[in-house]
1. Looking at (1) closer than 27 Å to His217 by Cβ; (2) surrounded by 19 or more Cβ atoms within 10 Å (Cβ to Cβ); (3) touching a Gly at 6+ places or on another chain (Cβ under 9 Å); (4) modelled with pLDDT of 95 or more, which is the one condition that is false for Ala326?
2. Condition (residue is among the acidic types (Asp, Glu) and in contact with a Pro (Cβ under 8 Å, 6 or more places away or on another chain)) applied to the stretch 149-161: is it met by at least one residue?
3. All but one of (1) modelled with pLDDT of 95 or more; (2) over 21 Å from the mean Cα position of the chain (by Cα); (3) farther than 19 Å from Glu94 by Cα hold for His43; which doesn't?
4. Can you tell which of Thr221, Thr184, Thr195 is surrounded by 14 or more Cβ atoms within 10 Å (Cβ to Cβ) and either in a loop (DSSP other than H, G, I, E, B) or at pLDDT below 95 (or both)?
5. Which of the residues spanning the stretch 107-136 are of a type in the set (Asp, Glu) and either touching a His at 6+ places or on another chain (Cβ under 8 Å) or at pLDDT below 95 (or both)?
6. Based on this model, can you work out whether Glu60 counts as at pLDDT below 95 and in contact with a Pro (Cβ under 9 Å, 6 or more places away or on another chain)?
7. Only one residue in Lys17, Lys38 is basic (Lys, Arg), touching a strand residue (DSSP E or B) at 6+ places or on another chain (Cβ under 7 Å) and farther than 25 Å from His266 by Cβ. Which one?
8. For Pro18, only one of the following conditions fails: (1) more than 15 Å from Ala330 (Cα to Cα); (2) assigned to a loop (DSSP other than H, G, I, E, B); (3) not hydrophobic (A, V, I, L, M, F, W, C). What is its number?
Amino acid sequence: MNQNSAQGFYIAGGKLKPNVIGQPEWTHYEKALLIKGKAGSPHFDICVEYVTPPSACAAEDDPSILFKAAAVQGNEFFLCTQTEVLVYRLPNFEQTHYLSLPCFNDLHHVCPTARGTLLVAVTGLDLVLEITRAGEIVREWNVLGQEPWQRFAREIDYRKVISTKPHLAHPNFVFQNGEEIWATRFEQRDAVCLTHTERRIDIGIGGPHDGIWFDRHVYFTTVNGHVIKAEMANGRVVQSYDLNRMSGGRGPLGWCRGLCVLDEEHAVVGFSRLRATKFRENLAWAKRWAKAGLGIEETVPAKPARIALYNLKAGRLLWELNVEEAGVNAVFSIHAF
């Protein structure tokens, strides 16, 4: 790979509201953004700027609106907000499909299947759904192996429920291996196969996101700054890359989430800004960060939201691209073009 080439990337995430200090995390983001930029250039284009309509969210509770993990297949771009699935046609981002079901709460990922359906991580209900583009539920899984509606009620419109936390599993990404369907679970620090429940990948080192397939392996990020490489054939972790060491700076890198594997050596990783005062004021958040292995140092300024290219094999940070200049404060998904 030519690390100096003008590689382009789509970045999905959200823009922070002003004055969020002391407010619950599920109210922090004012709009969803999908931007595109190129390595080495400070210029970004906004592809999609989106606000969820009041009919599809808990509008009276001032909810967060942002894009979570996305997927690209052919000329289609699949995006989700907390309560919606949106499909756009490339290259002009014409919206072609829209879905918002009563069971949608804190969605974290949407991706297409080979059979034309969609897989959706319904994080707020600890579920993964397979649905048609018309919104019909084909299959549903509780990612803990329980009955899907053991803890929740089908008759409730969960789009109007601002938060269901604490989540027992927090599934945040769905990926496929042939006919197998897998989910990444934050709380258990693993990934599990929903269609062959004996299969599991133990990530262990931190709360994971992503699940990017590349050359017989699957790659994850952990929020405390690692990229994990596992063999799909046997579920064994074969490599853990410590981005903290590669980056060479003091203090936490940020909330590490969002991954684009370019080849066996290179990967682009997303980081969202940490706000130390928020964690000092909120004990629950402080505990979460401690669990993730992230320290908050008073003397170290928080790093901006950004994407960064690493040579994983050589253990080097090659470049960083600040995305806050385009209004993105939380990064969820990165896709090369």
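The values are calculated or read from the model by the stated rules, or taken from the named source; none is laboratory data. No experiment lies behind these values; they were computed from the predicted model shown. So basically every Cβ, Gly included, is an ideal-geometry build from the backbone, and we count neighbours across all protein chains shown.
1. (1)
2. yes
3. Here His43 clears every test but (1).
4. Going through Thr221, Thr184, Thr195 in turn, just one is surrounded by 14 or more Cβ atoms within 10 Å (Cβ to Cβ) and either in a loop (DSSP other than H, G, I, E, B) or at pLDDT below 95 (or both): Thr195.
5. Within the stretch 107-136, just Asp126 meets the criteria.
6. Spelling it out, Glu60 is indeed at pLDDT below 95 and in contact with a Pro (Cβ under 9 Å, 6 or more places away or on another chain).
7. Just a single option satisfies the conditions, and that option is Lys17.
8. Of everything listed in (1) more than 15 Å from Ala330 (Cα to Cα); (2) assigned to a loop (DSSP other than H, G, I, E, B); (3) not hydrophobic (A, V, I, L, M, F, W, C), Pro18 misses just condition (1).
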